[in-house]
Amino acid sequence: MAQVLVLMSSPRKNGNTDRLANAFIKGVEENGYSTEKIYVNYQNIKSCLGCNICQKTNQCVQKDDMQEIYEKMLEAKVIVFASTVYFYTFNASMKLLLDRTCTFAIEKTIHDKDFYLLSTGLAPDESYFRIIKETFQKYIDCLRVGGNRFVDSILGFQTGDKDDIEKTDSIEKAYNMAKEIKINESKFNCLFFT
């Protein structure tokens, strides 16, 4: 079980977003915490059908890679969304994951998680990342049980070409932010009914 789960949706392995995620992972692992990175873009994730069966059965009718991702999200203490920005928000593969988790019964069971956002894009300044940050906060707000929080974000502006992230201070910021993480092991990841 990974204590920190990184959901990485850029289609470019070792691109700007992936390097940002790797810096974050390095900082976390140096603190002694376990990590796992899932390349969302390379997973078999189908679109939500909107059938609402999950609301009655607590299970999605679709059988794809989301079942494993659901479990990993429930087990992790910290969840990091790493995504490029396309048209001011998450790219398509991350949007599929968001849709499948917010409509699934997981919205009622995921709690006491710290969420981080790592994002890169060609945009010239932070104002262009406003929508992705607002979307991320609203996503976390949909996780209804409580105790979830959007802790922080690192945004890599002007990073359209593969090596542009190296020209910014974003990698150093991601590493330093991760070094500050303190995981409270006393929080439980499951609900108990009596």
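Restricted to the stretch 14-46, and to residues there that are closer than 26 Å to residue 161 by Cα and among the basic types (Lys, Arg), the residue that is most open to solvent (accessible area, probe 1.4 Å) is 26. When 14, 22, 44, 31 are screened for being under 15 Å from the mean Cα position of the chain (by Cα) and of a type in the set (S, T, N, Q), only 22 passes.
Can you confirm whether residue 93 is more than 20 Å from residue 24 (Cα to Cα) and either of a type in the set (Lys, Arg) or in contact (Cβ under 8 Å) with a residue 60 or more places away in the chain (or both)? Criteria met by residue 93. Can you say whether residue 59 is over 24 Å from residue 169 (Cβ atoms) and open to solvent by 60 Å² or more (accessible area, probe 1.4 Å), as far as the supplied structure shows? Against the criterion (over 24 Å from residue 169 (Cβ atoms) and open to solvent by 60 Å² or more (accessible area, probe 1.4 Å)), residue 59 qualifies. The condition of being in contact (Cβ under 8 Å) with a residue 12 or more places away in the chain, open to solvent by 50 Å² or more (accessible area, probe 1.4 Å) and not in a strand (DSSP E or B) holds for residue 49. Residues that are acidic (Asp, Glu) and touching a residue at least 12 places away in the same chain (Cβ under 8 Å) were ranked within the stretch 110-148; the one that is farthest from residue 169 (Cα to Cα) is 112.
If I ask for residues that are of a type in the set (A, V, I, L, M, F, W, C) and within 16 Å of residue 158 (Cα to Cα), which ones from the stretch 6-24 would you list?
Correct list: 20 only.
The values are calculated or read from the model by the stated rules, or taken from the named source; none is laboratory data. As the structure is a prediction and not an experimental result, all values here were calculated from the model. In this analysis, Cβ positions are derived from the backbone assuming ideal geometry, glycine residues included, and neighbour counts consider all displayed protein chains. These area figures cover heavy atoms from the full protein model, side chains too; ligands, DNA and RNA do not enter into them. Shrake-Rupley method; radii C 1.70, N 1.55, O 1.52, S 1.80 Å.
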